[in-house]
Amino acid sequence: IKREIIMSSSSDTLHFSLPAHGDSVLHKMNALREEHRFCDITLILGSLNTSSSQPVHFHGHRVVLAASSDFLRVQFLLHKDQAEMSVSAVSSVRVAKTLLLSCYTGFLEVLYQSFQYIQHTITTVEVATSYCGGAFFQQ
């Protein structure tokens, strides 16, 4: 814990800064997600109508995903009562799942040959442009 003590002239106030708090909370939320605890949305990645690959069910927390994706935030607002939602706007199920996991981990590892899919998916689902910082678009 990094302690930051500030004494103001009007009153004596202690201020504590917890720089790892955000990472710790996301780590715990991801562990809860993996256990399917407190999940309030299941995103179905891939088409249910095609036989080429099985759709992937991604269990998550609306608040985490909405904070990370403008697209998902709008979808959640439009479909408040749905426990499951199909996300067919993605071109690669594997890349979409990786990108959704990054909302919980802050880490994104992409094979170079998948780079164009990740660029397309980030643009399509508007995943945290401030989080991504445009780094994925600089080659």
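The values are calculated or read from the model by the stated rules, or taken from the named source; none is laboratory data. Quantities reported herein were computed from a predicted structural model and do not represent experimental measurements. Quick reminder, even Gly has a Cβ in these numbers, built from the backbone with ideal geometry, and neighbours come from all protein chains shown. Quick note on the areas: whole protein, heavy atoms, side chains included, nothing else; ligands and nucleic acids left out. Shrake-Rupley method; radii C 1.70, N 1.55, O 1.52, S 1.80 Å.
Using a 1.4 angstrom probe on the protein heavy atoms only, line up 33, 94 by accessible area, largest first.
These residues rank, largest area first, as 94, 33.
Excluding residue 58 itself, calculate the net charge of residues whose Cβ lies under 13 Å from the Cβ of residue 58, where each Lys or Arg counts +1 and each Asp or Glu counts -1.
Residues close to residue 58 contribute a combined charge of +1.
Mind ranking 101-110, 68-77 by how tightly packed they are, going by the mean number of other C-beta atoms within 10 angstrom, highest first?
In descending order of packing, they fall as 68-77, 101-110.
Length gain on complete extension for the stretch residue 13 to residue 105, per 0.36 nm per residue less the alpha carbon to alpha carbon distance?
Using 0.36 nm per residue and subtracting the Cα-Cα distance, I get 29.8 nm.
Take 36, 27, 59 and sort them by solvent-accessible surface of the protein heavy atoms, 1.4 Å probe, largest at the top.
27, 36, 59
When the Karplus curve 6.51 cos²θ - 1.76 cosθ + 1.60 is applied with θ = phi - 60°, which whole-Hz ³J(HN,Hα) does each residue of the range 16-24 get, with x for Gly and Pro?
Per-residue couplings from phi come out as 10, 10, 10, x, 8, 4, x, 5, 5 Hz.
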